[in-house]
Amino acid sequence: MKAYNSRLIALLVTTCVTTTMWVLFVQFSGDVALWLALLNFTICAWQLASSPLSRHSGPVALTFWSFTLVWLGFAPIVQISTGVLPWLDVYQSRTFLISEALFTLSLVAFIAGSWLAGRRRDARPVEDLPALATDPRIEEAPPRVAPLLLLGFALLPVVLASTGGLAGRFTTRDDVAQAFAESGASDDTVTLFLLNRLPSAIALVGGYATAYMLRNYGRYLPKQQLFILPAFGAAMILVLMFANPFAISRYIALSTILGVALGFVDLRSTRVKSVFGWASAISVLTLYPLASWFKKDSVQQQADGLSVDVYQGVDFDGFQMIANTVEYVHSHGYAFGVHILAAIGYFVPRSIWEAKPTPASLDVAADRGYSFQNLSLPIWGEFYLDLSIVGMVAGMLLYGYVTRVLDHRYSSAPGSLAAHLAVVFAVAQFGLIRGPLGGSVVFFGTVLILALAVFLTPRKRPRSRRPLRTGTSSRILDPAPQLAVRT
């Protein structure tokens, strides 16, 4: 009965938000593309409302659906209904319909991939575990975060010197970009990586790792607080220096803030997951466009505040870039994987790989004649551009499968390497969804590599049964039962 009531509430929430969108923007329109956009919005809303009801849902699915609901669910409805898009352009009548149909296929493929992974695991259920099964001295080794923090502080003086000192980190992103250009760093991809993406990735992983340690170790091991508290403080300094929205892209700043928050929050309660999911969606709807103030004049934003005009601006250009991709493929054909190959080889500098393709959004924007070409391109749009519809469906199937696997490990094996990877994957995927892969994979891949380095630690084995002192009393801790967790 409780599960039935929860699904009924999720259905009511989905119905309410969908009805609101219908009344405000659709009504009795004869535009098929607009109705298809409303269908896609409904799919995203239902997934966001119902995902918390599954005991094996987790941060990856919640952040995926919260961002997608707003950025490619809500915004396209506003743009199609008003006929106003971020960039002035002219399209064939079929383009919007094909764009929304591709989005529908992508969502269905993502859900199917998640279902396939869940079917494999749900056939062999695993008991729910508490947030910490035993004393952490026995169950798991603390993350190796000290070398990461030391690397961050070693980079800090160099980054400050390249961006105008301490004050330069709190001006605007235009000023930071100009400082990089004047120092010559923006002309060298390796230097730009070392002074921009690597420090921000260190801030995210370090912030999450120290927050996790503070929540899970500090209360059980008081002596460890001599290290944990200073480490958390040091990580927050790096977050402030490397990942504040004045100095870095908004999605990276948002990813870092969420990463620190998830270090303190256990997303295995239905209520907590629901609050987190909808709070993330509201943040994308409100804080994300408002944060455009930090970038000043780099992109001209016509609207002020949170009027409907905001969702017709360049901060929500994902739908238009998919439409541009449809037009590009119609004119030039598929790219046969060159952009995805370049994204996989992101660590190879252009000085070595001289013919390395540029990010896909630059080619698409240049084809449309846009003056500003550093735009987004949602991941399924890039799959379509490079691999056709078949490759797009296969790519989103894989994305959904990986999402469910990571979320399953997060809920069933807390403290494991896969559980930590689920968190950093979840918060870093904003850039992956937004695209293009050639630009976003640098930060995303670096975050995953650093997380592996920090959390890939050997598990501690119990030497003997010995009392654990808690206050004035002592008790015997039995080693935690080893539950079978098949992957």
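Gain on full extension, evaluated as 0.36 nm per residue between Val272 and Leu116 minus their Cα-Cα distance, stands at 53.6 nm. At an R0 of 35 angstrom, the distance between the Cβ atoms of Leu11 and Ser388 translates into a FRET efficiency of 0.50. Just to confirm my numbers, what's the Cα centroid distance between the stretch 307-334 and the stretch 30-107 in Å? So the two Cα centres are separated by 13 Å.
Can you list the residues of the stretch 359-388 with backbone N under 20 Å from a point 7 Å past the Cα of Leu192, pointing along Cα to Cβ? Residues 359-367, 370-378 fall inside that zone.
Couplings 3J(HN,Hα) of the stretch 309-320, computed from phi: 4, 4, 7, 9, x, 5, 5, 10, 8, x, 5, 5 Hz, in residue order, whole Hz [Karplus 6.51 cos²θ - 1.76 cosθ + 1.60, θ = phi - 60°; x for Gly and Pro]. Put in order of Cβ neighbour count within 10 Å, fewest first, the listed residues Arg55, Arg144 become Arg144, Arg55. Ordering Leu417, Leu102, Leu398 by the number of other Cβ atoms within 10 Å of each residue's own Cβ, fewest first, gives Leu398, Leu417, Leu102.
Based on the alpha-carbon gyration tensor of the stretch 367-412 and its eigenvalue square roots a ≥ b ≥ c, which shape applies: rounded if a/c is under 1.5, prolate if not and a/b is larger than b/c, or oblate?
It comes out oblate by the Cα gyration axes.
With neighbour counts taken as other beta-carbon atoms within 10 Å, the residues Ser200, Ser93 rank, fewest first, as Ser93, Ser200.
Note on Arg350 and Thr19: with the Förster distance fixed at 45 Å, the Cβ-Cβ geometry gives a FRET efficiency of about 0.35. Near the amide H of Ser269, within less than 5 Å, lie no amide hydrogens of residues on another chain or at least 5 residues away, with H placed in the peptide plane.
Looking at the stretch 309-372, the pairs of alpha carbons with a distance over 14 Å make up 65% of the total. Once the C-beta distance of Ala453 and Ala366 is scaled by a Förster radius of 25 Å, the resulting FRET efficiency is 0.10 to the nearest 0.05.
Taking Rh as the Kirkwood radius, which is the inverse of the mean 1/r over Cα pairs, what is the Rg/Rh value for the stretch 338-436?
Rounded to two decimals, Rg over Rh is 1.06.
Enclosing the Cα atoms of the stretch 14-103 in their convex hull gives a volume equal to 92 cubic angstrom per residue. With K and R counted +1 and D and E -1, the other residues having a Cβ less than 14 Å from that of Leu377 yield a net charge of -4.
None of the figures in this text is laboratory data; all of them are computed from the coordinates on show. Nothing here was measured: the structure is a model prediction, and the numbers come from that model. All Cβ positions, glycine included, derive from the backbone under ideal geometry; neighbour counts span all protein chains shown.
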